[in-house]
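In what follows, a single structure is set out as structure tokens and then discussed.
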Amino acid sequence: MSKIRIALVVLLLWSILLTSFVSAQTRQSWTNTPEIERKVEALLKQMTLEEKIGQLNQYSYGMPTGPGTGRSKVEEAIQRGEIGSFLNVTDPALSNRLQHIAMEQSRLKIPLIFGLDVIHGYRTTFPVPLALSATWDPPLVQRVSRIAAEEATSSGIRWTFSPMVDIARDPRWGRIVEGAGEDPYLGSMMARAYVRGYQGENLNDAHSMAACAKHYVAYGAAEAGRDYNTVDMSERQLREVYLPPFHAAVDEGVATLMASFNSINGVPASANQFTLTQVLRGEWGFRGFVVSDWGSVGELIPHGVANDLATAARKGFLAGVDMDMESNAYFQHLAGIIKAGQVPQAALDQAVRRILRVKFALGLFDQPYVDEKNAVTTLPAANVAAARDAAEKSFVLLKNDAAMLPLQKGVRTVALIGPLADSAHDMLGAWSARGDAKDVVTLKAALEKRAERDGFRLIYAKGTEIRGTSDAGFADAAAAAAQADVVLLALGEDASWMTGEAASRAFIDLPGNQQQLLERVAAAGKPTALVLFSGRPLALTPAAARVNAIIEAWSPGVQAGPALERVLFGEAAPYGRLTVTFPRSLGQVPIYHSVLNTGRPPVGLDLTRPPTDSNEKFKSRYVDEQNVPLYPFGFGLTYTAFDYAAPQADAKEISVDQLNAGRAKLSITAEVKNTGPRRGEELVQLYIGLRGTSVARPVRQLKGFRRIALAPGESQRVEFTIGREELAIWQRDTTYAVEPGELSIWIAPNAQSGTAVTVQLR
Ligand code: NOJ
């Protein structure tokens, strides 16, 4: 063995040892029961080399969700114990048939585990994850994922490839839609909420699914937003921005992780010893298993770190990928590699242990089958109601000049214009599992019903196609607008082609000729609201200039229409806030709130002032665009208004030693007042900034948020506490410490407004 290989093996064995020690201290309750451990060891003892390797192979049955590969004659392979898992089996009869082969015809009767991308609902499609994050409501996300688990498990799916906890700061990247946006603090809260929902109180519950935090790691930082692209980043950024949501998921007890497609500083994530073993196992004590992404072990070849599949298998496996999704690399090569002594038996046993542990924890050995009669095929009314609630709460009101929204009850004629007004399929969004466009109530359908009930006239004109180039429909659209009291423009993206995996865009405007349609319609001069359906921030500057109101509706799911109608007519108030920054133009991308100040900030050093742009030369700015975004992180209006008084801290200075010892905390309060005409809810956000520290810190970092409800004229003093957890900075020796410096604290409605109070850390 080469020296490098020996070093790798030593590291691996070391991590195995450390894992058993560290895990006892984490909250992964399902992973550490002595009874499961005994069963795993007893089974492991009986397994042949081939049966062990069998557990590490996963194949797609039926529909592919990656470049076509697959395996034929899977029934015989199951009998021989060569397959541990399938993905993409959604028919419960098929899952039972395959499981019967495993349980009755294979020597050791080890159950298969069936996985699927249950990302935002199974039969009942909820808003896409980016929309769910805009609720800033982790309990809601937990409820939604619990419902998804209940529906999916009824078809035999006990493992979901969700949550995607990749931080994403580039709206070109199509998969920004699958995550919780740009911020690690919020992303971590959402990661926990998903895990709690999917895995429930107990993994053993027949309605619980193993969750899978993906894509480990830094996939969202793909250069230029192009899917699967290269990532090169500092360890600090990795640890402070991209790793935290994964760490949170692990801390919450997530059963599995998925290794990502991208490389990180030249080493593919699916062969990355540092992230997969040193951090995940060694530092975090993760005891579940890691699955590759689709074919990502085989892709070590095009990445250029393996010249054949055997080397890819060895590298992926030694780095810490336990299960091979669809590369067929472990199946074909692992036995040979182990026999040749290139991979230690102990490492194989450890990978098998991790997979068996999850299978035991799920109760699959005792309850391998699903009751086909109970499969959820039609949408349960309660789940539909939950889908409407989630959609309502995910909409973000970005603009509302002259209180155009909510629409007045007495409105007589409404024009509904645009290619998204009646596109059921696009409401489902990317990865809608067993979602069915037939279940969708579109905005047009909902408004038709309401028009009948309330006695107003609804004129509909499609205007153009989503990616249309013809203006043949413009005249009808303009005529509809001319006859109406108010215009609703339903514009946006083609959800399946432009959002999700392999759907990166080089332009982030309204697609096709929708902007031209918007301008034609706006020329009628009627109060016009844009209802935007998108899976990413779009560059809305030209659109915003022509309409009175904008509501970001994302891909809202099956209850798109009813949810929108309730918000548009004011039965529900806009509740969502942005979890991603909306740029003014593509040239600002990537753009996010927690930037460093640079040595030449356009706004000077006074970070307590809200940022304004300057035209000074020799500053970090564009000559042809502002630095500030169109709509900042955290932003969202509602049907009333709130005023924030300057925040107050309970101390002017605080001891760093005391903070580091966990003995001191700072209390920050601010008075928030409802100054508008209606009762409303406000999402009060806490941001901090640090200066004078050993490394430059972001101008602002989100560290807390709280929702309050106030009657008109009512005010409330909102309090946050700040301590070690909020202030500690990653040190190169991998510890975290609070450093002396100046702390600025904002309690504000978004990342770009408010005034700060400063406190000295001494
Ligand atoms: C590839 C995607 O990157 C991943 O998110 C998904 O879970 C797998 N395909 C399986 O469909």
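Since every read-out is calculated from the coordinates, none of them should be taken as a lab result. These numbers come from a predicted model, not from an experiment. When we count neighbours, we look across all protein chains shown, and the Cβ atoms used for this are built from the backbone with ideal geometry, even at glycine.
Can you give me the pair-distance distribution of region 55-193, C-alpha pairs, 10 Å bins, whole percents?
12, 35, 28, 19, 6
If I take R0 = 41 Å and measure r between the Cβ atoms of residue 308 and residue 693 in this structure, what FRET efficiency does the formula 1/(1 + (r/R0)^6) give, to the nearest 0.05? Can you show the working numbers first?
On the way: r = 48 Å, r/R0 = 1.17.
That pair, residue 308 with residue 693, gives E of 0.30.
Given bins 5 angstrom wide, list per bin the percent of all Cα-Cα distances in region 290-445, short to long.
Pairs per bin, as whole percents: 1, 7, 10, 12, 10, 9, 9, 9, 9, 8, 7, 5, 3, 2, 1, 0, 0.
Along Cα→Cβ, 7 Å out, is where each label goes; now give me the distance between the ones at residue 665 and residue 502 in nm to one decimal.
Between residue 665 and residue 502, the simple spin-label model gives 5.0 nm.
Packing-wise, with mean Cβ within 10 Å as the measure, how do 478-491, 76-89 rank, highest first?
478-491, 76-89
Hey, any idea what Rg/Rh is for region 119-218, computing Rh the Kirkwood way over Cα pairs?
On the Cα set of region 119-218, Rg over Rh gives 0.96.
To test your reading of the geometry: what angle, between 0 and 90 degrees and rounded to tens, separates the Cα axis of helix 443-454 from the longest principal axis of the chain?
50
By DSSP, what percent of the beta bridges with both residues in the chain are antiparallel, rounded to the nearest 5? Each step should come with its number before you reach the end.
Numbers: 45 of 86 bridges.
Expressed as a percentage, antiparallel bridges in the chain total about 50.
Whole Å is fine, so just give me how far the alpha carbon centre of region 413-436 lies from that of region 280-347.
Rounded to whole Å, the Cα centres lie 41 Å apart.
By how many degrees, between 0 and 90 and to the nearest 10, does the Cα long axis of helix 381-394 differ from the longest principal axis of the chain?
That helix lies at roughly 60 degrees to the long axis.
Determine Rg/Rh for the chain; Rg is computed over alpha-carbon atoms and Rh is the Kirkwood hydrodynamic estimate from the same atoms.
Values: Rg = 26.6 Å, Rh = 27.1 Å.
Using Cα coordinates only, the ratio equals 0.98.
What is the magnitude of the charge dipole of region 424-520 about its Cα centre, with +1 placed on the Cβ of each Lys and Arg, -1 on the Cβ of each Asp and Glu, and no other charges, expressed in debye to the nearest 20?
Details: 11 positive and 15 negative charges, 45 e Å.
Charge dipole, region 424-520, about its Cα centre: 220 debye, nearest 20.
Step through the table entries 73/109; 526/673; 393/652, compare each Cα-Cα distance with 28 Å, and write down the pairs that go over it.
Listed pairs above 28 Å: 526/673; 393/652.
Rounded, prolate or oblate for region 183-336? Axes are the square roots of the Cα gyration tensor eigenvalues, ordered a ≥ b ≥ c, and the cut-off for rounded is a/c under 1.5.
Working: a/c = 2.00, a/b = 1.27, b/c = 1.57.
The shape class here is oblate.
Give the order of 317, 161, 456 when sorted by the count of other beta carbons within 10 angstrom, beginning with the fewest. Don't jump to the answer; show the numbers that get you there.
Working: 317 28, 161 25, 456 19.
Arranged by neighbour count, lowest to highest, 317, 161, 456 become 456, 161, 317.
Compute the helix-to-body angle for 138-153: its Cα long axis versus the longest principal axis of the chain, expressed 0 to 90° and rounded to tens.
Computed tilt is about 50 degrees.
Sticking with the crude label model, points 7 Å out along Cα→Cβ, report the distance from residue 715 to residue 411 in nm, one decimal please.
Distance between the two pseudo-spin positions: 3.5 nm.
Dipole magnitude of the chain about its Cα centre, charges +1 at Lys/Arg Cβ and -1 at Asp/Glu Cβ only, in debye to the nearest 20? Let's see the in-between values first.
Values: 79 positive and 80 negative charges, 159 e Å.
So the magnitude is around 760 debye.
For residue 45, project a label point 7 Å along Cα to C-beta. Then give me every residue of region 355-381 with its amide nitrogen under 19 Å of that point.
356-357, 360
May I ask which residue of 157, 177, 189 lies farthest towards the positive end of the charge dipole of region 152-235, with charges of +1 (Lys, Arg) and -1 (Asp, Glu) on Cβ and the Cα centre as origin?
Ranked along the dipole, the leading option is 157.
Tell me, in nm to one decimal, what length is gained between residue 377 and residue 523 on full extension, where the rule is 0.36 nm per residue of separation less the Cα-Cα distance?
On the way: separation 146, 0.36 × 146 = 52.56 nm, distance 4.64 nm.
Full extension from residue 377 to residue 523 adds 47.9 nm.
Describe numerically, in nm with one decimal, the distance between label points set 7 Å from Cα along Cα→Cβ at residue 596 and at residue 33.
4.8
Roughly how big is region 49-186's charge dipole about its Cα centre, with Cβ charges of +1 (Lys, Arg) and -1 (Asp, Glu), in debye to the nearest 20? Please report the intermediate quantities before stating the final value.
Working: 14 positive and 16 negative charges, 52 e Å.
Here the size comes out at about 260 debye.
Return the FRET efficiency for the residue pair residue 479, residue 735: r is the Cβ-Cβ distance, R0 is 60 Å, and the value is rounded to the nearest 0.05. Mind dumping the intermediate values first?
Working: r = 68 Å, r/R0 = 1.13.
The calculated FRET efficiency here is 0.35.
Tell me, in nm to one decimal, what length is gained between residue 100 and residue 369 on full extension, where the rule is 0.36 nm per residue of separation less the Cα-Cα distance? If you can, show how the numbers build up before the last one.
Details: separation 269, 0.36 × 269 = 96.84 nm, distance 0.79 nm.
Length difference between fully extended and current span is 96.0 nm.
Beyond 17 Å, how much of the Cα-Cα pair distribution for region 404-451 remains, as a whole percent? Don't jump to the answer; show the numbers that get you there.
Working: 513 of 1128 pairs.
Roughly 45 percent, once rounded to a whole number.
How high is the FRET efficiency between residue 201 and residue 402 when r is their beta carbon distance and R₀ equals 51 Å, given to the nearest 0.05?
Numbers: r = 49 Å, r/R0 = 0.97.
It comes out at approximately 0.55.
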